[in-house]
Amino acid sequence: MPIAVPYVRFSSERQSYGSSLDRQENLIVKWLAHHPEYSRYERKFEDLGVSGSSGKHVEAGAMGKLLKAIEDGHFPAGTVVLVEAMDRFSRLEPMDTLNNLRSIVQAGIDLVTLDDGQWYDAKSLKGNSLLYLAMKAQAAHEFAVRLSDFTVGSYVDRAKDAKDGKPIKRRNPFWLTSEGELKEVEAAAVEQVFTAFSNGVPLRALASQYAQYFGNRQSLKHALRNPAAIGHWQRTVTAEVDGKKKRVLGELIKNVFKPAVSEELFYQVQKLLDDLADQPPTVARKFPLAGLLQCADCGSNMVLLRQNSRQQTDAVRCYRRMQSNDKCTNQKTIPVPVVGWFYGETRKPHAFRAYQRTKLPENTRQRIKLEGQLDQLKQQQARMRKFVEMDEDDQDAWNDYQKLVDQRKGVDQELASLPVVGDTPVVSLFAFQRFLGGDPFAVANLLQQDGYRIICHRDGTLEVNRSADDNPAGKVKYVGYARKHKKWTIEYPEGGTVLVPQ
């Protein structure tokens with residue numbers, strides 16, 4: 001059977017709550033019902049909340065992946081691509097739209113626009129329908145330009161009102177009304193997410209737990225980065241970057257909305273996100289110790305081997321050794337109950353230190369807040385300087401730049417006036433025990449971020465990579481299985497053994 005490949009797109013995230021997606025899906029289903037000779041392709045090509053006029057859907061979106069798959073010959077001749085209308089396919093300049101269409105039809109694949117039933121194939125680019133197609137492409141592009149101009153003018157007026165302290169209406173994140181007031185339930189969820197992430201809960205787990213608010217981990221991360229959480233409006237502007245027009249960060253207007261979280265918590269989360277970007281952790285999905293077990297020989301992660309007919313229990317082994325014998329000399333396989341027991345024996349002081357760091361003292365919280373504000377001002381200053389350099393006669397740009405310079409000096413002085421102290425926060429032991437006995441993935445993730453690792457040697461030795469207190473770092477040796485007791489034998493360096501049950 002020939003294949004029908006649906007492509008769905010809408011421009012703004014707000015449309016995901018409307019009928020756009022349902023309408024496009026219904027048109028696709030109706031077309032397939034009238035053309036039973038076609039089978040629907042199982043993979044989805046969707047650009048949800050992606051502009052068709054910016055080119056993002058082609059450069060980094062599903063449309064680009066679809067065009068690449070067609071170019072690589074993934075679809076046989078006779079395949080059709082289904083779109084609701086030409087402006088769903090593209091709102092680029094007409095020649096760009098026609099070039100993309102040509103790359104499709106020249107591969108023997110047709111494009112069908114469902115709103116008018118038009119069927120475009122190689123003949124379309126030679127016959128009379130080319131003029132009709134060009135007119136539709138031109139109309140889609142001109143509409144996008146007019147809409148963009150109208151939107152830009154509207155937001156310029158609103159930005160002026162916001163800076164004057166006047167209330168404004170705009171499309172806001174889900175926890176805010178259009179007037180910038182907090183929605184009680186949604187704002188509480190945002191605060192919970194910020195707090196949980198600062199306490200070590202992984203992004204993936206939070207995205208799953210709060211799936212009604214976040215489509216995926218990336219949308220969650222975007223919310224954690226959004227200054228609207230502390231009441232600020234981060235504007236964007238269109239600028240030319242590497243010869244292409246792109247949306248880039250512009251002016252930050254403060255205190256426009258009601259804040260959902262404190263500035264201290266917001267900037268603490270920004271620091272954690274920056275740390276994750278520098279050293280991305282292993283995301284544990286089913287095995288909490290993933291990312292905490294490290295091969296002593298090559299430094300790579302120890303990975304989980306599930307129980308099978310040859311192996312009576314789950315075990316861990318060096319990932320690189322599993323790939324090839326030449327990549328690592330550590331061929332030791334260690335039962336999961338053994339590493340789990342050692343983890344339980346050694347984690348507490350490390351977990352306490354890591355947990356303690358999430359409960360920052362007031363002086364440290366203020367320092368993180370001011371450092372975060374300073375980073376924000378530096379970025380704004382660098383962006384504003386580009387606008388000043390583009391037009392040195394723009395007095396408004398100069399004034400805005402000077403305001404940023406003055407604000408940065410003020411934050412610098414406030415930061416310098418903070419006393420440098422090494423005070424340790426007071427942590428409730430009850431709260432810590434509750435945390436330790438709670439979500440094992442959150443505990444393991446926090447330990448991973450803090451640098452805790454169990455080093456696994458080829459002779460069966462297990463040791464913690466560093467000490468968390470005045471005591472020596474934990475160290476034992478896995479000897480083997482004691483059949484008589486049906487337990488695994490562990491030896492301590494100073495003598496003595498312990499038997500670990502299955």
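Structure above, values below:
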read-out	value
Efficiency of FRET between residue 323 and residue 161 - r from beta-carbon atoms, R0 56 angstrom, step 0.05	0.40
Efficiency of FRET between residue 248 and residue 44 - r from beta-carbon atoms, R0 30 angstrom, step 0.05	0.50
Per-peptide average of other Cβ atoms within 10 Å, ordering 445-455, 459-469 highest first	445-455, 459-469
Added length on full extension, which subtracts the Cα-Cα distance from 0.36 nm per residue, residue 434 to residue 99	114.5 nm
Residues in segment 435-452 reached by a label modelled at residue 275 [backbone nitrogen below 17 Å; 7 Å Cα→Cβ]	442-452
Distance between modelled label sites at residue 348 and residue 56, nm, 7 Å Cα→Cβ extension	5.0 nm
Where labels lie 7 Å past Cα in the beta-carbon direction, separation of residue 23 and residue 306 in nm	4.5 nm
Separation in nanometres of the label points that stand 7 Å from Cα toward Cβ, at residue 396 and residue 65	4.1 nm
Extension gain (nm, one decimal) between residue 405 and residue 285, 0.36 nm per residue minus Cα-Cα	38.6 nm
FRET efficiency, residue 498 to residue 458 (Cβ-Cβ, R0 22 Å, nearest 0.05)	0.55
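Laboratory data are not the source of any read-out in this text; all were calculated from the coordinates shown. In this text the structure is predicted, and so the values were computed from the model without any measurement. We place every Cβ from the backbone using ideal geometry, glycine too, and count neighbours over all the protein chains shown.
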